[in-house]
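To start, the structure under review is shown below, and the notes come after it.
The values are calculated or read from the model by the stated rules, or taken from the named source; none is laboratory data. Just so we're clear, the structure is a prediction, and the values are computed from it rather than from any experiment. Heads up, the Cβs are rebuilt from the backbone with ideal geometry, glycines too, and the neighbour counts pull from every protein chain shown.
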Amino acid sequence: MAKVLCVLYDDPTDGYPTSYARDDLPRIDHYPGGQTTPTPSGTDFTPGQLLGSVSGELGLRRFLEGLGHTLVVTSDKEGADSVFDRELPDADIVISQPFWPAYLTPERIAAARNLKLAVTAGIGSDHVDLEAAIAHGVTVAEVTYCNSISVAEHVVMMTLSLVRNYLPSHQVVLDGGWNIADCVARSYDIEGMHFGTVAAGRIGLAVLRRLAPFDVTLHYTDRHRLPEPVERELGLTFHADAADMVPHCDVVTIHAPLHPETEGMFDDKLIGGMKRGAYLINTARAKIVERDAVVRALRSGRLAGYAGDVWYPQPAPADHPWRTMPHHGMTPHISGSSLSAQARYAAGTREILESWFAGTPIREEYLIADAGGLAGAGAHSYSVR
Ligand code: NDP
C-alpha cells in the first residue's frame, strides 16, 4: 500500500467555507484543440468546492483510503522540521500545487527513498528538480491544460488593469477620493498597441486569441512556429527570439515554462531593449525574470507597469521587493487556482493516481518525466542541463 504525501495551501483565514458565491460551474468537456478534460472513474467532491486547501484534500481521501492507501495532507513544507520533511522519507507519492509548491530539491529526492511519483496538481513542474527526479527514476506528471484558460483570463485582466490604471483608480474610491486626474494621468487604451507573448503554447495562444478582439497587433516568439493558418487568422508576427520581439511591443507577456533555457531571460539587457513605458506581465514563473531588474526598470520608467502572480520563493517573504515596487499589479499565485480550475486539476490528479495504481499508462500529455528521461509534454516543452 502506498503512502501519499500531499502538500496544499492553508485554509481561508476565517475557516473552510460552508457555502460559496455561486451554485454551479459551467460544464466543460474539452479544451481548445480537442483534448478531453480529466476522466477519472469518479470524484468525491462537488465542482466549485475549495479543493486546493488543506481541508479540501483535493477530494482524494475517500478514494485513496478506500484502496487501502495512506494520505497525509499538510501545508507545512519549509525547514528541516517541517511536516513535509518528516513525512517524506517513506512517502511513495508526493502531490503539490505550484501555488504552494513542495520544492523537491535533489537533497529531498535523495532523502525520499520510496518516492516513485511526483504529481503536480496544476501545470508547471519546475518545483521538482527534474534532473534529480530522472536520475532517481521518479515519474513526474502534471494535469496539462487544466488551468491554461484560467491563466489566460488572468492575463487579459492584468493587461487591462495595468494599461488603464485600474488598481490605483480603485484605491482612490476606497480612500474616499474623487481626483480624476490622479486616476487618468497614467491611463491609456490598449486599442492600437502592439502585444507580444514569449511562448505561444496552450496559455500563450489562448491569450493571443482573447486579445485579438481589442484591435491590437499581435506578436509572438516560440521554439516552434504555430501553424500558418493560425498565424494568418490572428495576424501574428513571428519573431525568432524574445530580444527580436520586445522592441516592437507595448505589452509583453511570458508563457514559457521555467527551465534552463528560460531562467533569467528577462535581465537588465532584455528589459533595456523594451520600449520605454512598456508593460510586462509574467504568470509563468518568477525566475524567468530577474527580480531586481524588474524593480530597477519600474523605478527608471523603462517599464510603465509589471503584473503577474508568480514569485520566488513561494510564499513570498513579507519584505519581497515586488510587494512595494511602484506601478505593479501583483497577486499571490492564484491565476491557475480558481474554483473552476481546482475542479479540473483535482479530477486530473485522481485520473493520474487511478492509472498509477492500476498499472495502466498515464496519459502521454500529462507526463513530464518518466522511464529515466523527459517524457510526453515534458519532452516537448522542457529541457534539462
Ligand atoms: P505549454 O507546454 O502548452 O506551452 C509552453 C510553451 O513554451 C510551448 O509552446 C514551448 O515551446 C514554449 N517554450 C519552451 N521553452 C521556450 C523558450 N526557451 N523560448 C520560447 N518558448 C519556449 O504550457 P502552458 O501554456 O499550459 O503553460 C506554460 C507555463 O505557464 C507552465 O509551464 C507554467 O510554468 C505556467 N503556468 C502558470 C500558472 C499560474 O497559475 N500562474 C498555471 C499554469 C501554468 P514548444 O513546446 O513549441 O517547444
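Going residue by residue through the range 261-274, is there one that turns out to be without any contact (Cβ under 8 Å) to a residue 40 or more places away in the chain, over 30 Å from L130 (Cα atoms) and assigned to a loop (DSSP other than H, G, I, E, B)? Scanning the range 261-274 turns up at least one residue that is without any contact (Cβ under 8 Å) to a residue 40 or more places away in the chain, over 30 Å from L130 (Cα atoms) and assigned to a loop (DSSP other than H, G, I, E, B). With E57, E78 as the choices, which residue is without any contact (Cβ under 8 Å) to a residue 12 or more places away in the chain and among the charged types (D, E, K, R)? Just a single option satisfies the conditions, and that option is E78. Out of P326, P361, P313, P317, one residue alone is within 16 Å of the ligand (Cβ to nearest atom) and more than 26 Å from R223 (Cα to Cα). It is P313. Summed over the range 1-35, the residues that are surrounded by 13 or more Cβ atoms within 10 Å (Cβ to Cβ) and outside any loop (DSSP other than H, G, I, E, B) give a count of 6. State yes or no: is A286 more than 16 Å from the ligand (Cβ to nearest atom) and either touching a residue at least 60 places away in the same chain (Cβ under 8 Å) or among the hydrophobic types (A, V, I, L, M, F, W, C) (or both)? In short, no.
So that you can scan it fast, the table gives a plain yes or no per residue for (1) more than 15 Å from the ligand (Cβ to nearest atom); (2) crowded, with 24+ Cβ neighbours inside 10 Å:
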residue: S125; (1), (2): no, yes
residue: A132; (1), (2): yes, no
residue: M157; (1), (2): no, no
residue: Y166; (1), (2): yes, no
residue: Q171; (1), (2): yes, no
residue: N179; (1), (2): yes, no
residue: A212; (1), (2): yes, no
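Look at the range 127-154: where a residue is in contact (Cβ under 8 Å) with a residue 12 or more places away in the chain and a partner is of a type in the set (S, T, N, Q) and surrounded by fewer than 23 Cβ atoms within 10 Å (Cβ to Cβ), sitting 6+ places away or on another chain with Cβ atoms under 7 Å, you get D129/T105; Y145/Q35; S150/S338; S150/S340. Examine the range 332-342 for a residue that is more than 14 Å from the chain's Cα centre (by Cα), farther than 17 Å from L162 by Cα and surrounded by fewer than 24 Cβ atoms within 10 Å (Cβ to Cβ), and state whether such a residue exists. For the range 332-342, residues more than 14 Å from the chain's Cα centre (by Cα), farther than 17 Å from L162 by Cα and surrounded by fewer than 24 Cβ atoms within 10 Å (Cβ to Cβ): present.
Within the range 251-267, if we keep just the residues that are crowded, with 21+ Cβ neighbours inside 10 Å and more than 8 Å from the ligand (Cβ to nearest atom), the residue that is nearest to I190 (Cα to Cα) turns out to be V251. Restricting attention to the range 101-123, the residues that are surrounded by fewer than 22 Cβ atoms within 10 Å (Cβ to Cβ) and either among the charged types (D, E, K, R) or in contact with a Pro (Cβ under 7 Å, 6 or more places away or on another chain) (or both) total 5. Residues in the range 280-323 that are over 17 Å from the mean Cα position of the chain (by Cα) and under 21 Å from V163 (Cβ atoms): V294, V295, A297, L298, R299, S300, G301, R302, L303, A304, G305, W322.
Checking each residue in the range 55-84 for being buried (at least 18 other Cβ atoms within 10 Å of the Cβ) and not in a loop (DSSP other than H, G, I, E, B) picks out G56, E57, L58, G59, F63, L64, L71, V73, F84. Among the numbered conditions (1) in contact with an Asp or Glu (Cβ under 6 Å, 6 or more places away or on another chain); (2) over 25 Å from A358 (Cβ atoms); (3) among the charged types (D, E, K, R), the only one that R27 does not meet is (1).
Looking only at residues of the range 364-385 that are part of a loop (DSSP other than H, G, I, E, B) and away from the ligand (no atom under 12 Å from the Cβ), we find that the one that is surrounded by the most Cβ atoms within 10 Å (Cβ to Cβ) is A375. Scanning the range 287-302 finds no residues that are farther than 18 Å from H320 by Cα, touching a strand residue (DSSP E or B) at 6+ places or on another chain (Cβ under 9 Å), of a type in the set (S, T, Y) and at pLDDT 95 or above. On the given criteria, is G329 within 17 Å of the chain's Cα centre (by Cα), buried (at least 23 other Cβ atoms within 10 Å of the Cβ) and modelled with pLDDT of 95 or more? Taking the combined requirement at face value, the residue does not satisfy it. The helices (runs of 4 or more DSSP H) found entirely in the range 165-234 include none that carry 2 or more residues being of a type outside the set (K, R) and in contact with a Lys or Arg (Cβ under 6 Å, 6 or more places away or on another chain). State which residue is modelled with the lowest pLDDT when the search covers only the range 30-81 and only residues that are within 25 Å of I334 (Cβ to Cβ) and among the charged types (D, E, K, R). Top of the filtered list is E78. Could you check, for the range 355-363, whether at least one of its residues is under 16 Å from the mean Cα position of the chain (by Cα) and surrounded by 15 or more Cβ atoms within 10 Å (Cβ to Cβ)? No: zero hits. Of all the numbered requirements in (1) within 14 Å of the ligand (Cβ to nearest atom); (2) assigned to a helix (DSSP H, G or I), A346 misses one, and that requirement is (1).
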